[in-house]
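Some notes on the structure that comes next.
Bear in mind that the values in this text are calculations on the coordinates, not laboratory data. This one's a predicted model, so the numbers in the text were calculated from it and none came from an experiment.
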Amino acid sequence: MNTAELETLIRTILSEKLAPTPPAPQQEQGIFCDVGSAIDAAHQAFLRYQQCPLKTRSAIISALRETLAPRAGDAGGRERHGNRHGQQRR
C-alpha cells in the first residue's frame with residue numbers, strides 16, 4: 001500500500017467515524033441507543049481494524065491522535081471534578 005492509498009484509507013475511516021450523526025432520541029449523551037449497540041459496533045470496528053496491516057493501524061492511530069489532541073483538555077476537565085461516584089480525586 002503506497003502513501004496515497006494509505007492516506008485515502010485513513011480519510012475514509014475518519015470520515016465514517018467523525019461524520020455527524022443524528023442525536024439519540026433519549027436525553028442521554030452518545031450516538032448509540034443502548035450499551036449493547038455500542039458494544040456490537042466496537043466489536044465490528046475491532047474486527048475490521050485487526051485485519052489491517054501494522055503500517056495501516058499505526059497510521060490510523062497517528063491520525064486519531066492528531067484529530068483528538070485538541071479535545072484532550074475536555075477529558076482532563078471531567079477527571080478533575082471527581083469520579084463517577086461523586087468523590088474528589090486525590
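A straight chain from A4 to A38 at 0.36 nm per residue would run longer than the Cα-Cα distance by 9.1 nm. Across segment 42-48, rounded Karplus estimates of 3J(HN,Hα) from the backbone phi angles (6.51 cos²θ - 1.76 cosθ + 1.60, θ = phi - 60°) give 5, 5, 5, 5, 4, 4, 5 Hz, Gly and Pro being marked x. Net length available on complete extension from I61 to A45 is 4.4 nm, with 0.36 nm assigned per residue and the Cα-Cα distance removed.
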